[in-house]
Amino acid sequence: MLQFIRSKVSSIFVKILFVLLIASFAIWGIGDTIFGSPAGRAAVEVDGDVRVTAVEAAEEFDRSRRRLGIPLTVDQAIQLGLLDQTLQNLTVQSLMVVATNRLGLSASDEQIVQLIHRQFRDSLGQFDRTAYQTFLASNGWSESEFVSRARRDLARNQLIGAVAAGSEKTVPDAIVKTLHDYREERRIAAAVRIDASALPAPEQPDEAALSAYYEERKKDYETPEYRGVSWLAVSPQSIAQSMEIPEDELRELFEERKASFDTRGTRTVDQALFADQDAAGAAYDRIQAGEDFAAVAEEVTGMSAAELDFGQVTRSDLPEGTAEAVFALTEPGSVTEPVESPFGWHLFRIREAEVGAPASFEDVRDDLRREVALERAYDEVFERSNAVEDALAAGSTLEEAARSLNIPLNQIPFVARDGSQPAGGIVTTLPGEPFLRTAFETETGTQSTLTETRDGTYFILRVDGVEPPRIPELGQVRPAVLADWDTEQRLERAEDIADEIVAAVKAGTPLAEAAAEHDLTVERLPAITRQGQGLTPGWPPAVAGALFEQKAGGASAVSSDQGAAVVTLVEVIEGGGSMAGPQDQVRAEIAGAVSNDLIELLLADLESRHEVTVNPGAVRQLFTVNEGAQ
């Protein structure tokens, strides 16, 4: 054959053919050099000094697309503006790099090491290299790329910190006070609640009325899509259960960490919060003189008994500066002297006290074994999950892989996207997310890829069947339709009663008298803020909005999914009075907004001083080339 080809080369036509072939190979081989490859073009460039290539921009865009957690194609993500947002972020980063470089700002190797060790720790507080490597892999970064990004971000934070520093000092006191008083204004209301469920049952609808009601709302009764799923899962928790840890190793670890196992003391307390020391001191004196803690607290602060309950706490649960005072008391009923925290002045009443005690090895042996076993199981889970993946790649079915590797095969015949089943209830035995999302993105009869959940479990699933959504006949959902009709009728009647009471009050009838016409009583609500803080549980949240739109003598009706309510304004407490919170939070929020404005001005200034070039077409072309290659 080789000789045959050689003999034909002498032909002039064959020679011409060879010339054409050589030319075509040359063009294909050096086409990127002649015409320019989209991969090598700059997507973002600043002054020619800092350059983000199309490949780097495409990788960042793809990472952002995956982080959305929604299955979007490249075209869909671009149409939603994700590419533009990615390029804008890269432009900001590039401008920051130029600024930090010219200012000589940088991060040391020691700062980088501290950052990595702080972010990736195991349950014992040690550096977790496995977690670090998993993080790098999930983001598609090498260690050098991550270090470079971290160094750049730390330098950028130095610049931002310098720009934003001292912003709290620039906030005028008058602005802080005005905004604080507006937010902290409280109002007291007289109100009537109409509970729809307590109203007389409406007459049952005839068949025609019920059918008409159902026809208007039948989409509400549509069943979800159900899927039958089989899966294999390898979890650290299941591996840890069968893992044996030597007794002497556990004892040695216990001795090393003995102090941390001592049982911590707890207190079950009530807490009253005051705006200043004088108010707290006056309340403390009254309580010491024999008055009831809850009665005094409610009178002074407006806090109900439920709001005073702070529950069972350890030292670390308490506001800064209060733990010593609380844990100095052990006698139930005793009350601390006024104590200050960043939130204001507190009085705490001790309801129960549990004193801490040293722990023995027997006390914590099982907990310690589970902790160590779980930590080691995270290493082994990689090996077992890889064995599952290898078995399936070699052609085994899920059933065969389960038998050969002695791993349980899990199956469920019907499950909806939210984890519910046709008979009702939520399945609680499924792996965590993204298990269900994966199940509803995988085609029928096919297997998913090996996927990790948030708690470190690895799974591979197969969709065995799909039952599409359907709208049932009225007879199949009659009880549910009747219940919904009944609820709707009661809610409408509750709203009608509320409107009747409002009309009567506006016509001059006292609220109590108008409410009595419907066998309802008036309640006095505690002082509440515009955001509804202090509103008694069970009242519609819309009460706050209605109350702050009112003038004295007015009345408003509000609705909820429980019924309706009528509220009338009784008293306005300017600036919150003694119940007002500290102004520091308001100042910090304004300072934060000022800092953001300063940073935006910095970016605008950098953009005006430097030549910025953004080329989204290079990134789009790269995705087009890649898709064409596939």
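Within the set of pairs 6+ apart or on separate chains, which have a first residue in region 128-142 that is farther than 21 Å from residue 236 by Cα and at pLDDT 80 or above, a second that is assigned to a helix (DSSP H, G or I) and among the hydrophobic types (A, V, I, L, M, F, W, C), and C-beta atoms under 9 Å apart?
Between residues of region 128-142 that are farther than 21 Å from residue 236 by Cα and at pLDDT 80 or above and residues that are assigned to a helix (DSSP H, G or I) and among the hydrophobic types (A, V, I, L, M, F, W, C), the close pairs are 142/136.
Could you check region 504-530 and list, in sequence order, the residues that are in a loop (DSSP other than H, G, I, E, B) and either touching a residue at least 40 places away in the same chain (Cβ under 8 Å) or not assigned by TED's automatic domain parsing to the domain that holds residue 191 (or both)?
518, 520, 521, 522, 529, 530, listed by residue number.
When you check residue 51 against the structure, is it free of Cβ contacts under 8 Å to residues at least 60 places away in the same chain and either of a type in the set (S, T, N, Q) or within 29 Å of residue 602 (Cβ to Cβ) (or both), yes or no?
Yes; evaluated as a whole, the condition is true for this residue.
Out of the residues in region 556-603 that are β-branched (Val, Ile, Thr) and in contact with a helix residue (DSSP H, G or I) (Cβ under 7 Å, 6 or more places away or on another chain), state the one that is farthest from residue 272 (Cα to Cα).
Kept after step one, since they are β-branched (Val, Ile, Thr), are these residues of region 556-603: 558, 566-568, 570, 572-573, 586, 590, 594, 599.
After this cut, where a residue has to be in contact with a helix residue (DSSP H, G or I) (Cβ under 7 Å, 6 or more places away or on another chain) as well, the list is 558, 566-568, 586, 590, 594, 599.
Numbers: 558: 31, 566: 30, 567: 27, 568: 28, 586: 22, 590: 28, 594: 33, 599: 40 Å.
Only one residue fits best here, namely 599.
Among what's in region 342-397 and is among the small types (Gly, Ala, Ser) and at pLDDT below 85, pick the residue that is nearest to residue 130 (Cα to Cα).
Filtering first and then ranking leaves 377.
So which residues in region 412-435 are within 21 Å of residue 392 (Cβ to Cβ) and without any contact (Cβ under 8 Å) to a residue 40 or more places away in the chain, if there are any at all?
430
Provide a single number: the residues in region 237-291 that are more than 20 Å from residue 302 (Cβ to Cβ), buried (at least 19 other Cβ atoms within 10 Å of the Cβ) and modelled with pLDDT of 80 or more.
1
When you look at residue 382, is it aromatic (Phe, Trp, Tyr) and not assigned by TED's automatic domain parsing to the domain that holds residue 461, yes or no?
no
Those residues that are surrounded by 13 or more Cβ atoms within 10 Å (Cβ to Cβ), out of contact with any Lys or Arg (no Cβ under 6 Å at 6 or more places or on another chain) and of a type in the set (S, T, N, Q), I need them from region 412-453; list them, please.
Residues satisfying the conditions are 420, 421, 438, 442, 448, 451, 453.
Scan region 589-604 and report the pairs whose first residue is under 26 Å from residue 178 (Cα atoms) and whose second residue is surrounded by 15 or more Cβ atoms within 10 Å (Cβ to Cβ) and hydroxyl-bearing (Ser, Thr, Tyr), with Cβ atoms within less than 6 Å and a gap of 6+ or a chain change.
Final answer for the pair search is 591/167; 594/167; 595/167.
Only one residue in 472, 431 is farther than 30 Å from residue 194 by Cβ, modelled with pLDDT of 90 or more and not basic (Lys, Arg), so which one is that?
Details: 431 fails: modelled with pLDDT of 90 or more.
Just one listed residue meets the conditions, 472.
Looking only at helices (runs of 4 or more DSSP H) that fall completely inside region 168-268, which ones have 1 or more residues that are closer than 30 Å to residue 584 by Cα and not assigned by TED's automatic domain parsing to the domain that holds residue 533? Don't jump to the end; show me each part of the working.
Numbers: elements: 173-184, 207-217, 236-241, 247-256, 258-261.
In region 168-268, 173-184 are the helices (runs of 4 or more DSSP H) which contain 1 or more residues that are closer than 30 Å to residue 584 by Cα and not assigned by TED's automatic domain parsing to the domain that holds residue 533.
Among what's in region 442-477 and is in a helix (DSSP H, G or I) and in contact (Cβ under 8 Å) with a residue 60 or more places away in the chain, pick the residue that is nearest to residue 231 (Cα to Cα).
So, considering only residues that are in a helix (DSSP H, G or I) and in contact (Cβ under 8 Å) with a residue 60 or more places away in the chain, the one nearest to residue 231 (Cα to Cα) is 477.
Could you list, in sequence order, all residues of region 593-614 that are small (Gly, Ala, Ser) and either surrounded by 14 or more Cβ atoms within 10 Å (Cβ to Cβ) or in contact with a His (Cβ under 8 Å, 6 or more places away or on another chain) (or both)?
Result: 595, single match.
Given the residues 88, 93, 111, which is the only one that is surrounded by 13 or more Cβ atoms within 10 Å (Cβ to Cβ), modelled with pLDDT of 80 or more and either within 22 Å of the chain's Cα centre (by Cα) or farther than 24 Å from residue 618 by Cβ (or both)?
Values: 88 fails: either within 22 Å of the chain's Cα centre (by Cα) or farther than 24 Å from residue 618 by Cβ (or both); 93 fails: either within 22 Å of the chain's Cα centre (by Cα) or farther than 24 Å from residue 618 by Cβ (or both).
Exactly one residue qualifies, and that residue is 111.
The values are calculated or read from the model by the stated rules, or taken from the named source; none is laboratory data. These numbers were taken from a predicted model, which means no experiment stands behind them. Because the Cβ atoms are built from the backbone with ideal geometry, glycine has one as well, and the counts that use them run over all protein chains shown.
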